[in-house]
Amino acid sequence: MISCARKLFVALMLPVLCALFSFEASAQVENRKIGKPTKEEMEMTVYAADSSAAAVVLYKETYIDYDWMREDFQVTYRYKRRVKILKEEGLDYANGEILYIDKKGRSERVSGLEASAYNLNDGKVVRTKMKDENVYTERLSDNVVQIKYAVPQVRVGSVVEIEYKIVSDYYFQPRDWYAQESIPVRLAELELLLPEFLTFNIENHGHSPLSVSMEPANMNMSIGSGLMPCNAEKRKYVGEYLPAIGGEPYVWCPLDYFTQVNMEFKGYEIPGLLHKSYSGSWEQIDKALFEDADFGGRMKAANPLRAEMNALCIDTLPSVEAKTVALFTLLKNRVKWNGKYALFGRGFKEVLKDGTGDNADINFMLISMLADAGVKAYPVVMSCRDEKSLPYSHPSIDRLSTFVVAVLDGDSRIMYVDASSEYGYVDVLSPRLMTDRARLMMPDNCQWLNLQQVGSHSVSRKIQATLGGDGRIDGVMSTYYYGIEAADKREAYFTAKDSADYVKSIAENYELEVTSYNNVSMGEYTPSVREVVGFSKSAEVNGEYIYLNPMLFAHVETSPFVSEKRELPVEFPNQYKYTMNVLLDIPEGYVLEDKPESGRITIADNGSSLLYSVSQMENKIVLKYVFDISKMVYLPSDYSALKWFWDIVAEKNNAMLVLKKQ
């Protein structure tokens, strides 16, 4: 028997419990209807799961299905999306781009593009539809078209909805689906309807988990003159409260880490009618490239600069490196890089006539010239580091975007050259091309290569200076730049308006007065550049004390890693070493009162290290500083140690010593 007290408790708590259950139920019901934003969505001012978010994807849905059309299959993608704009910096998320293939024979068609902005005016929801003049179409290449759209009347507080459809003949190259974005996503859903005749490898991975459900379904396919009933599988992937990805420094391609679903089309079989396998391998991709006229054909094309080569007496040069340098210098004088990367090349005569070309155009010409000189050279194909990584398990020629040239020097050394390295040397590639997955296209010996450790890139600086009692410092700074550092220095020098403007930039960057300037090898195709700068600057004087940074010129003033936690790996552009030695004469009558603590720190098995030493020898202050990064990728689990390391580096770069007058 229930006591009176217990009855009273139940009576009092029942309304509260009902309210709680009602709240939970309403919290689980998400608005999936396009065209009807809810009152809660319209009045939202902050996204509770991430109060810093400038915008949030409230709901996005992708539906993918396959059908037979006349002579082949096709795939249809239907996209719906609702975004809430929360801050001024989130306004751009009302705009978007749609890429599709427009190629003779096979193509994609975009239709049903509609978008609207919803705003509250005097408590009423006002809808503004996107018009045709807000949509722009641009052809990016012979085969790729881009649609850009900008939704009108978008402001802070707006809810924006977009929907469209893509019908694609490229059913055998399914598009990847990304649940996560650079802004938070409240709810993301992908639904697949897959007929039994088609087979796939489907996998999902990424930063946040997805719930997956599968159930049998029935469908009809239009094959021949009638409908063929068939079994199908309905798959659904759902992600909720997905955090934003991106915005962290030192990440080449955040897409690699988004929660996503990837599909590999293996083939189809309609019993008694049709059968085709699409399961491929990288060996098949190799074969296709070798047989392509604009790739394999260019590898075999005749050297167009043979007469000019003969005048260089290439055969008399002492090494493969010297021959490569001479030929690349000749080629760069004839054809300038146009700033673009490509995989396939044009005809050599056309390139020479234009005087400019993408890196593929120029690289293929270099391969032909090296072959004429008896030097073996082959393409190394890749996707750039700011593009998605090449999948070992899902071969696709469409994932390849460009290549560099591998030059064989005997059996043990491979040198790398690329047309985009305008100011570099052999083994100096743009960091964008220094990927860990590249494929050497050597007939009968294609293989995977890791290009992340190509070359040696460093700065070595020596400073000799004299400090006066008035705080004035006069000295000479001599710096050697190697590898990418030399290329960057040359680019800065030759893209300045003139040499005076360049010297002015040195004075501004280092906050000094330049009293003299000289350089060595700046205009030559060599592995290094030397710069000698005479300078004058001031230390802080306060009564009988002089305060100064013993480095004179800081290497790292602030750490790039300020967040306490890190979601994505840290990917440095390249290995790098910076060495500085300072010898500073101090004025008579002054003694070293205080100095920064010396020491050496390392992390990740010497993947990053710092040596910092300050000492006094008679009337001289001696500083030795060595900063070294040899490990290029740090996982999130390494982040706390990496942040600590960079905090120490910044601290040492800003540390001061104190001189006192006796």
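The values are calculated or read from the model by the stated rules, or taken from the named source; none is laboratory data. Here the structure is a predicted model, which means the values were calculated and not measured. Cβ coordinates were reconstructed from backbone atoms using ideal geometry, including for glycine residues, and neighbour counts include every protein chain displayed. What goes into the accessible areas is simple: the full protein's heavy atoms, side chains included, and nothing from ligands, DNA or RNA. Shrake-Rupley method; radii C 1.70, N 1.55, O 1.52, S 1.80 Å.
Quick look at the numbers
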| item | result |
| --- | --- |
| Solvent-accessible area per residue for the stretch 228-379 (1.4 angstrom probe, square angstrom) | 48 Å² |
| Estimated distance in nm for a label pair at E350 and L227, the labels positioned 7 Å out from Cα along Cα-to-Cβ | 4.9 nm |
| Net charge, K129 excluded, C-beta distance under 13 Å - Lys, Arg +1, Asp, Glu -1 | -3 |
| Cα-centre dipole for the stretch 169-215 with unit charges at Cβ (Lys and Arg positive, Asp and Glu negative), debye to 20 | 180 debye |
| Nonlocal amide H pairs with E387, under 5 Å, H built at 1.01 Å | none |
| Cβ-based net charge around V562, under 15 Å, with every Lys or Arg adding one and every Asp or Glu removing one | -3 |
| Solvent exposure ordering (accessible area, 1.4 Å, most first) of C313, C230 | C313, C230 |
| Peptide ranges 601-609, 399-407 listed from the most packed, as the mean C-beta count within 10 angstrom indicates | 399-407, 601-609 |
| Rounded percent of accessible protein surface that carbon and sulfur make up, the chain, 1.4 Å probe | 50 percent |
| Rounded to 10°, Cα long-axis angle of helix 359-372 versus longest principal axis of the chain | 60 degrees |
| In degrees, nearest ten, helix 639-653 long axis to first principal axis of the chain (Cα) | 30 degrees |
| Per residue, in Å², the accessible surface of the stretch 590-634 once ligands and nucleic acids are set aside, probe 1.4 Å | 49 Å² |
| Relative intensity, log₁₀ I(q)/I(0), of the stretch 316-385 from a Debye sum that treats every alpha carbon as a point, q = 0.14, 0.22 Å⁻¹ | -0.44, -0.99 |
| Net charge of neighbours whose Cβ lies under 11 Å from the Cβ of G345, counting Lys and Arg as +1 and Asp and Glu as -1 | -3 |
| In the stretch 497-539, chymotrypsin sites (Phe, Trp or Tyr not before Pro) in a DSSP loop with at most 16 other beta-carbon atoms within 10 Å | Y525 |
| The chain - share of DSSP beta bridges that are antiparallel (%, nearest 5) | 90 percent |
| Extreme residue, positive dipole direction of the chain, given options T62, I484, M442 (C-beta unit charges) | T62 |
| Selected from A322, A554, T137, residue furthest toward positive end of dipole (the chain; charges at beta carbon) | T137 |
| GluC sites (Glu not before Pro) restricted to DSSP loop in the stretch 595-662 with at most 12 other C-beta within 10 Å | E597, E618 |
| Modelled FRET efficiency - R0 22 Å, V238 with H205, Cβ distances, 0.05 increments | 0.90 |
| Average accessible surface area per residue within the stretch 130-225, 1.4 Å rolling probe, Å² | 47 Å² |
| Dipole magnitude of the stretch 441-544 about its Cα centre (Cβ charges: Lys, Arg +1; Asp, Glu -1), debye to nearest 20 | 220 debye |
| Folded to 0 to 90 degrees: helix 4-28 orientation relative to the chain principal axis, Cα | 70 degrees |
| Estimated [θ] at 222 nm from DSSP helical runs (n ≥ 4, -39500 (n - 2.57)) normalised by residues in the chain, nearest 500 | -5500 deg cm²/dmol |
| Nearest-20 debye value, the chain charge dipole, Cβ charges on Lys, Arg, Asp, Glu | 940 debye |
